[in-house]
Amino acid sequence: MKTVEEQFRIITKGVDTLVNEEELKEKLKLSVEQNKPLTIKLGLDPSAPDIHLGHAVVLRKMKQMQDLGHKAVIIIGDFTGKIGDPTGKAKGRAALTTKQVEENAKTYCEQIFKILDKDKTRVCFNSEWLAKLNFEDIIRLASTTTVARILERDDFQNRYQKKITIGLHEFFYPLMQAYDSVAIGADIELGGTDQTFNILMGRTLQKSRGEKSQVAIFMPILEGLDGIEKMSKSLGNYIGVNESAEVMFKKVMEIPDCLIIKYFELATDEHPDRILVFKKKLEDGFNPKEIKLQLALTITGLYFEDRETQKAYDYYHAAFETKAIPDNIPKLVIEYQKDMLSDVIGLLVENNYVSSSSEFRRLIIQGGISINGEKISDLNIVMACGDVIRIGKKKFVKIVK
C-alpha cells in the first residue's frame with residue numbers, strides 16, 4: 001500500500017466535501033498498519049441506467065481507491081428502488097417494478113465495469129438484507145432517528161411547507177440506505193452532493209449501534225458541454241460512456257476552457273501532481289487547446305484501447321483540424337429514385353444528422369453544407385453513390401444507394 005499521505009492526496013483529489021478528514025487519516029493509518037483494505041461503499045439507484053461522465057465521477061473515485069488496494073462494494077438499490085428516492089424531487093418518485101429494477105441493474109453493471117475492475121468489485125443488491133428485516137427490526141431502525149431530523153432534508157421540508165403530500169414510506173429511504181452501510185461494514189461511502197443527507201444518516205446509524213462511523217466523501221456536480229448546467233442526457237450536454245471513441249473525443253474537445261482542470265480532476269485518474277502541471281501551464285498562458293487534446297486522449301483512453309483512441313484522434317484531426325474528409329464515416333442508405341439532395345433531407349432529419357429540414361436549408365444559405373469538400377447552394381444537385389455530405393463543422397455522412 002502507498003503511504004497514508006499519498007493515499008490521502010489521491011482520495012481527496014476533486015472532492016467537494018469530506019466528513020471527516022481526521023477519521024479518514026486514522027482509517028488509512030490502521031489500514032496500512034494492519035495491511036487490511038478499507039471497504040468503500042457506493043450505492044446506485046437503478047432508475048437511470050445510462051451512464052455518462054457526470055455519473056462516472058463517483059465511479060472514477062472508487063476506481064482510484066480500488067487501485068490503492070481498497071475493497072469496492074457496489075450496492076444496487078433494488079429494494080429501495082421499489083420505494084423511490086425522493087431526493088431533489090418536488091414530489092415522490094414513482095416506484096420501480098421488480099422487472100424494471102432487474103433490467104436497469106443489468107445495464108448498469110455492463111457500464112460500471114468499463115470503469116471498475118470487475119475481479120476486484122463486489123456487487124450486491126440491498127434486498128439481500130433489507131427483505132429479511134421483520135417488523136420489529138424496522139421499528140428499531142425507525143427509533144434511531146426523529147421526524148424532525150428527517151424533515152431537515154430540503155426536499156421534505158419544502159414539500160411539508162407547501163403542503164405537498166409526503167408518504168410515510170418515503171421517510172424510510174434514508175434509513176434503508178443507512179442500513180446498507182451497517183450490512184456491509186462500510187468504512188467510506190461515496191456519493192454526490194445531492195446524497196448528503198442519506199450518507200450522513202449512515203454515519204448516525206453506525207454510531208447508534210456502537211460501530212465506527214463511515215467517512216463520507218461527496219463529489220461535486222460535473223457541468224456538461226455547455227459549461228453551465230449539470231451534465232444531463234435530457235439537456236443534450238453529456239458525454240456517454242457507451243458512445244463511440246470518435247464521438248467521445250470530439251465532445252471532450254467541445255468543453256469550455258474553464259472546465260479543463262475540473263474534468264482532469266473528476267473525469268480522469270490522473271495524479272494530482274500531473275494535474276498541477278497542466279494547471280500551471282494554463283496559468284502561464286499555454287494554449288488551452290493543446291491541454292484539452294491531452295484531456296481528450298486521457299478520457300477516451302480510459303474507455304477504449306490505444307488503437308481506437310488513436311483512431312479517434314486521427315478522425316478529429318482530419319475532420320476538424322485539416323478540414324479533410326475522415327475515414328470510417330457513417331453511411332446513409334437511400335433509395336435509387338432519390339437522386340437529388342432535396343430528396344434526402346428527410347432521411348438526414350430522421351437519422352439525427354440535422355434537427356429539421358428548415359435548419360438544413362438555413363445551413364445551405366450560410367455555406368454550412370458541402371459535398372465532397374465543396375460548398376453547395378443548390379438543393380437540386382444530383383447525389384451519387386459515395387458522395388460525402390458535411391453538415392456544419394462536425395457531422396459527416398456518406399451516401400450509399
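Based only on Cα atoms, what Rg/Rh ratio does the chain have, Rh being taken as Kirkwood's radius?
Details: Rg = 25.0 Å, Rh = 23.9 Å.
Computed over Cα atoms, the ratio is 1.05.
Here each label is just a point 7 Å from Cα along the line to Cβ, and for Asp378 and Glu211 those points are 7.6 nm apart. 3J(HN,Hα) along segment 174-189: x, 5, 5, 5, 5, 5, 4, 5, 5, 4, 9, x, 5, 8, 9, 10 Hz, from the Karplus curve 6.51 cos²θ - 1.76 cosθ + 1.60 with θ = phi - 60°, whole Hz, x for Gly and Pro.
Tell me, what is a quarter of the convex hull surface for the C-alpha atoms of segment 158-311, in nm² with one decimal?
On the way: hull surface 52.2 nm².
Average projection, Cα convex hull of segment 158-311: 13.0 nm².
Projected onto their three principal axes, the Cα atoms of segment 243-322 cover extents of 30, 27, 17 Å, largest first.
Excluding ligands, DNA and RNA, what is the solvent-accessible area per residue of the chain at a probe of 1.4 Å, expressed in Å²? Write out the running numbers ahead of the final one.
Numbers: 19890 Å² over 401 residues.
The answer is 50 Å² per residue.
Taken one residue at a time, the phi angles of segment 343-353 give Karplus couplings (6.51, -1.76, 1.60, θ = phi - 60°) of 6, 9, 4, x, 5, 5, 5, 4, 9, 6, 7 Hz. Gly and Pro are set to x. When all protein chains stay in place and ligands, DNA and RNA are ignored, the 1.4 Å accessible-area order of Cys124, Cys258, Cys385, largest first, is Cys258, Cys385, Cys124. Just the number, please: carbon plus sulfur as a percent of the accessible area of the chain, 1.4 Å probe, no ligands or DNA/RNA counted. So the carbon and sulfur contribution to the accessible surface is 51 percent. Kirkwood hydrodynamic radius of segment 4-219, from the reciprocal of the average inverse Cα-Cα distance over all distinct pairs: 17.8 Å.
Segment 185-226 and segment 327-395 have their alpha-carbon centroids 50 Å apart. Whole Å is fine, so just give me how far the alpha carbon centre of segment 102-119 lies from that of segment 255-278. Here the two parts' Cα centres lie 25 Å apart. Ser370 exposes around 20 Å² of accessible area when a 1.4 Å probe is run over every protein chain in place. Between segment 3-58 and segment 138-184, the alpha-carbon centres lie 25 Å apart.
In terms of Cα to Cα distance under 13 Å, which aspartates and glutamates are near enough to Lys99, apart from those fewer than 8 places away along the same chain? Within the straight-line cut-off, Lys99 pairs with Asp78. Using C-alpha pairs under 8 Å with a sequence gap of at least 6, the mean separation divided by the residue count of the chain gives a relative contact order of 15 percent. Each eigenvalue of the Cα gyration tensor of segment 115-221, multiplied by 5 and square-rooted, gives one semi-axis; in descending order these are 24, 18, 14 Å. Across segment 331-399, Cα-Cα distances exceeding 17 Å account for 31% of all pairs. The slack between Lys163 and Thr98, meaning 0.36 nm per residue of separation minus the straight C-alpha distance, is 20.3 nm.
The values are calculated or read from the model by the stated rules, or taken from the named source; none is laboratory data. This structure is a prediction, so every number in the text was calculated from the model and none was measured. So basically every Cβ, Gly included, is an ideal-geometry build from the backbone, and we count neighbours across all protein chains shown. Remember, those area values only see protein heavy atoms, side chains included, never the ligands or the DNA or RNA. Shrake-Rupley method; radii C 1.70, N 1.55, O 1.52, S 1.80 Å.
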